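Below is one structure; the comments refer to it alone.
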Amino acid sequence: IRLPGHDAIFAPTPPLESLRMILSLASTSIEGTDWQVNWDPASEDRTQVILIDISRAYFNAKTSDDDPIYVEFPPEMEAPSGTCGLLRRHMYGTRRAADGWQDEYSSRLVEAGFIQGTASACVFQHPARRIAVSVHGDDFTATGPKRQLDWFEAVLRGHSELTVGGRLGPGPEDDKEARVLNRIVRWTDSGLEYEADPRQVEELLEELELDGDGVNGVVTPGVKVASHQVQSEKPLPENQHTRFRALAARANY
């Protein structure tokens, strides 16, 4: 978004393919490279997928003196009349917050030895430690050897408060299922499973009134339509267009 007299306000987010890439790398050895997966459940270098959520992410990002942000004090502070506050950290709701957080974590990762992606600024790789990371807002999804992911988690903890949403892996104590970006990822003996948010299906069935008694399933994802059904079709009323688009988008998801 570009406003007259202002720089662009922009904070990148990765495409969904970046998450799929992380899961693919967790299950794929690349011939002729150092990227080799290890599914030995007893190895300290076994391949894992770690899901990390940064708490209050924007408050970790320092503001710039070149672009100061001032705020009014809340009434309970009883500040002197005519005064305001100068933010030293970005605050939720301010225009530069998301971009400031992206600059903050990118700098931290690059300082730690990661290489930032060219096609997507939210994808990072650490060749020496064999770690690949995708960042979506305050959610970090990474894959690599367990020992190296221990190091990666410690690096993030050194700067931010965080929650580990799961450590998927082949070890007996590793998690076997976790949720990332409202999607379910499972670690199985034969590979990784990736499932869309089940709630989307539930809401779609509810909206179409297909969740009650008397509704039967079919064995195929489609039913052959008879010619007389096609010929008798009528254009959808205009007041139903928005609802149709919403249902189609949910089904496509």
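The values are calculated or read from the model by the stated rules, or taken from the named source; none is laboratory data. What you see is a predicted model, and the numbers here were worked out from it, not measured in a lab. Cβ: placed from backbone, ideal geometry, glycine included. Neighbour counts: every protein chain shown. Keep in mind that these areas ignore ligands, DNA and RNA; they rest on the heavy atoms of the full protein, side chains included. Shrake-Rupley method; radii C 1.70, N 1.55, O 1.52, S 1.80 Å.
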Go through (1) without any contact (Cβ under 8 Å) to a residue 24 or more places away in the chain; (2) part of a helix (DSSP H, G or I) and name the single condition ALA128 misses.
(2)
The number of residues in region 184-202 that are touching a residue at least 24 places away in the same chain (Cβ under 8 Å) and open to solvent by 90 Å² or more (accessible area, probe 1.4 Å) is 0
Is it the case that some residue within region 40-60 is open to solvent by less than 30 Å² (accessible area, probe 1.4 Å), in contact with a Phe, Trp or Tyr (Cβ under 6 Å, 6 or more places away or on another chain) and closer than 22 Å to GLY100 by Cα?
yes
Could you check region 110-130 and list, in sequence order, the residues that are open to solvent by less than 60 Å² (accessible area, probe 1.4 Å), more than 17 Å from the chain's Cα centre (by Cα) and of a type outside the set (Phe, Trp, Tyr)?
ALA112, GLY113, HIS126
On the given criteria, is PRO68 assigned to a loop (DSSP other than H, G, I, E, B) and modelled with pLDDT of 95 or more?
no
Candidate set: region 75-109, residues that are among the basic types (Lys, Arg) and not in a helix (DSSP H, G or I); chosen: the one surrounded by the fewest Cβ atoms within 10 Å (Cβ to Cβ)
ARG88
Would you mind stating whether ARG20 is closer than 30 Å to TRP187 by Cα, over 17 Å from the mean Cα position of the chain (by Cα) and in a helix (DSSP H, G or I)?
no
Give the number of residues within region 172-220 that are within 30 Å of ASN38 (Cα to Cα) and out of contact with any strand residue (DSSP E or B) (no Cβ under 8 Å at 6 or more places or on another chain).
7
When both residues are 6+ apart or on different chains and their Cβ atoms are under 6 Å apart, which pairs have a first residue that lies in region 140-169 and is more than 24 Å from PRO15 (Cα to Cα) and open to solvent by 60 Å² or more (accessible area, probe 1.4 Å), and a second that is of a type outside the set (Phe, Trp, Tyr) and part of a helix (DSSP H, G or I)?
HIS159/ARG108
Filtering region 170-183 down to residues that are within 17 Å of the chain's Cα centre (by Cα) and surrounded by 12 or more Cβ atoms within 10 Å (Cβ to Cβ), which residue is farthest from VAL133 (Cα to Cα)?
GLU177
